[in-house]
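The values are calculated or read from the model by the stated rules, or taken from the named source; none is laboratory data. All values derive from a computational prediction rather than experimental measurement. Ideal geometry is used to build each Cβ from the backbone, glycine not excepted, and the neighbour counts take in all protein chains shown. For accessibility, only protein heavy atoms count, side chains too; no ligands or nucleic acids. Shrake-Rupley method; radii C 1.70, N 1.55, O 1.52, S 1.80 Å.
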Amino acid sequence: MDIRVEKGKPEKYPCELLLLFSFESPERLEGPIKSVDLEWKGFISTLMKQGDFKGELFECCLSYTQGALPARRVLLTGLGKKGEFDLEKWRGAASKAGQTIRNAGIKQFAFPIRRFDDHSEAELTESFVTGFLLGIYQFNEFKTLERDKIKEIEDLILLGEKNEEVKWIGDGLKTGEIISEAVCMARDLVNGPSNQVTPTVLAEKAQQIAKDHGMGIQVLEVGQAEAMGMEAFVAVAKGSQEPGKFIILEYNKGKGLDTIALVGKGITFDSGGISIKPSENMERMKDDMSGAAAVLATLQVASKLQLPFHLVGLMPATENLPSGKAYKPGDVLKTLSGQTVEVISTDAEGRLVLSDALTYSLRYEPKAIIDLATLTGACVIALGDYVIGLLGNDESLLKRIEEASSKTGEKVWRLPLWDEYFEYLKSDVADFKNVGTRAAGTIIGAMFLSKFVEKIPWVHLDIAGPASIEKERPYIPRGGTGAGVRLLVQLLRDWKS
Ligand code: BES
Ligand code: ZN
Ligand code: ZN
């Protein structure tokens, strides 16, 4: 799809459809909707007076202009009560409008952007483009039947009135497109089935990104990881015929910038291994690489926005399967850190592969380590599929994440990491077990990870719930969501070191 900015007045602009927004029952019309209403002999005012369009949140009303305007149609979309407006609602409204236009089979539309409240043109444009592009995302790669029925919007023209507006809108458009493109890439990887998105494919994707953006890349084979002492990662990888890959992607390497390590769980399919999962819903476990997908996407954005950091993305990628070579409950593994782990459940594989990746990240002397993982079913029970579980060892890093979260609408909720929880992980035969109790499962998972970050500021994002969803949300369709990408990007954009 092509999105571009042009200078022009909405009431004079010829297009298939003109998109306009309104708050609920406004005292008077203002801005673009007002000038269109005047040109249209009060048609919009009439609609509103008669109650055919009230401006309620996400309400959509499509009208034909019958030659009264150069635009063939007008879509009015409601923003809800003015006092309750925020950018999250704005993204949702952009998405609802986009979905309505696409579903009607309309291929081109124009939208005049004007600043309002405290929001600048650039900010409104970025959020509009983000909500719109994320809302109309669809995953059709494997649909072969009736492909001609797939509807897609081809052109969007953003209208500014003054030259400087056109520039600001252009800036917001660029940022919004870069971020949305990356989120959609992460969604594609999550939605891709495990027979397509293998560890090898993840590594190839990382290699492609490295090549396109001049990043450093290293892909360790299982044999190399074994020689280095990553027994935890290797134990999980051994059970599968599909070769595991330990992926290291580096942006802004060797430039003397502050280092941040991003670690993403890359289990391309989690059967549970010998501690096999019930078969009901097991197909969902193709999403167990959502953390790795989010790391890849974040590095791509960082590069395109030229964010001033040295970022190291670490993605231990493997399947978790039962086989004659699979690791077993009771096995003791020596992790890269030297600490030993007694395996209680082979289904707690995420923390094992992450433990070696966290230890590996220490060699870069990072200022902060952030890991993203679909780590525990307990997190879904605790917080549902709407919220990311947030745990960590550093108050100021936790606060930064919460601030970024409030801007992007990717909700996070803190859980405690008190030392007492470590009691549950004590083992008779090794330094600790990989599983404690069912109770406090998310905290105990994070407690395990905390043993591998030494004193470095670290946060763990448990994205087990939001990584893929069953019920769509305003700008997040069903399936893989790209959870964590916008959150991390916002964190990095706002980071003033
Ligand atoms: N990938 C799962 C976690 C998960 C479960 C994500 C449901 C999304 C939805 C993880 O590897 C796992 O199986 N965790 C176990 C840990 C337990 C054995 C301590 C779990 O949550 O049951
Ligand atoms: Zn598991
Ligand atoms: Zn898993």
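Look through segment 365-411, keep the residues that are among the hydroxyl-bearing types (Ser, Thr, Tyr) and crowded, with 19+ Cβ neighbours inside 10 Å, and return whichever of them is farthest from Asp258 (Cα to Cα).
Thr376
Has segment 424-438 got at least one residue that is within 30 Å of Gly135 (Cα to Cα), in contact with a helix residue (DSSP H, G or I) (Cβ under 9 Å, 6 or more places away or on another chain) and within 9 Å of ligand 1 (Cβ to nearest atom)?
Just the residues of segment 424-438 that are within 30 Å of Gly135 (Cα to Cα), to begin with: none.
No, segment 424-438 contains no residue that is within 30 Å of Gly135 (Cα to Cα), in contact with a helix residue (DSSP H, G or I) (Cβ under 9 Å, 6 or more places away or on another chain) and within 9 Å of ligand 1 (Cβ to nearest atom).
Across segment 146-155, what is the total count of residues that are in contact (Cβ under 8 Å) with a residue 12 or more places away in the chain and assigned to a loop (DSSP other than H, G, I, E, B)?
Initial filter on segment 146-155 (in contact (Cβ under 8 Å) with a residue 12 or more places away in the chain): 150-155.
Applying the additional criterion that residues be assigned to a loop (DSSP other than H, G, I, E, B) yields 150-154.
Of the residues in that region, 5 qualify.
Would you please name the residue that is nearest to Leu461 (Cα to Cα), looking only at residues in segment 267-288 that are open to solvent by less than 10 Å² (accessible area, probe 1.4 Å) and within 9 Å of ligand 3 (Cβ to nearest atom)? If you could, list the steps in order and put the result at the bottom.
Taking segment 267-288 first, the residues open to solvent by less than 10 Å² (accessible area, probe 1.4 Å) are 267-268, 270-273, 288.
Filter once more, keeping what is within 9 Å of ligand 3 (Cβ to nearest atom): 267, 270, 272, 288.
Details: Ile267: 16, Asp270: 19, Gly272: 21, Asp288: 14 Å.
It comes out as Asp288.
I'd like to know if segment 191-205 contains one or more residues that are among the acidic types (Asp, Glu) and within 30 Å of Gly131 (Cβ to Cβ).
First, the residues of segment 191-205 that are among the acidic types (Asp, Glu): 204.
After this cut, where a residue has to be within 30 Å of Gly131 (Cβ to Cβ) as well, the list is none.
No, segment 191-205 contains no residue that is among the acidic types (Asp, Glu) and within 30 Å of Gly131 (Cβ to Cβ).
Give all pairs with beta carbons closer than 9 Å in which a residue from segment 260-283 that is within 17 Å of Gln241 (Cα to Cα) and more than 8 Å from ligand 1 (Cβ to nearest atom) meets a residue that is in a strand (DSSP E or B) and open to solvent by 10 Å² or more (accessible area, probe 1.4 Å); count only pairs at least 6 apart in sequence or on separate chains.
Close Cβ pairs satisfying both conditions: Gly266/Lys245; Thr268/Glu319; Phe269/Glu319; Ser271/Glu319.
Given (1) over 23 Å from Pro366 (Cα atoms); (2) within 16 Å of ligand 2 (Cβ to nearest atom); (3) of a type outside the set (A, V, I, L, M, F, W, C); (4) within 20 Å of the chain's Cα centre (by Cα), identify the lone condition not met by Ser275.
(4)
Scan the strands (runs of 3 or more DSSP E) fully inside segment 320-389 and keep the ones with 2 or more residues being within 16 Å of ligand 3 (Cβ to nearest atom).
Numbers: elements: 332-334, 340-342, 368-373.
Filter on segment 320-389 gives 368-373.
Sort out for me the strands (runs of 3 or more DSSP E) sitting completely within segment 26-145 that have 1 or more residues that are at pLDDT 95 or above and surrounded by fewer than 15 Cβ atoms within 10 Å (Cβ to Cβ).
Details: elements: 60-64, 71-78, 108-112.
The qualifying strands (runs of 3 or more DSSP E) are 60-64.
Would you tally the residues in segment 1-23 being outside any strand (DSSP E or B) and surrounded by 17 or more Cβ atoms within 10 Å (Cβ to Cβ)? Spell out how you get there, then give the answer.
The initial filter retains those residues of segment 1-23 that are outside any strand (DSSP E or B), namely 1, 8-14, 23.
So of that shortlist, the ones also surrounded by 17 or more Cβ atoms within 10 Å (Cβ to Cβ) come out as 8, 10-11, 13, 23.
So the answer is 5.
If Thr437 meets every condition in (1) open to solvent by 40 Å² or more (accessible area, probe 1.4 Å); (2) more than 16 Å from ligand 2 (Cβ to nearest atom); (3) modelled with pLDDT of 95 or more apart from one, which number is that one?
(3)
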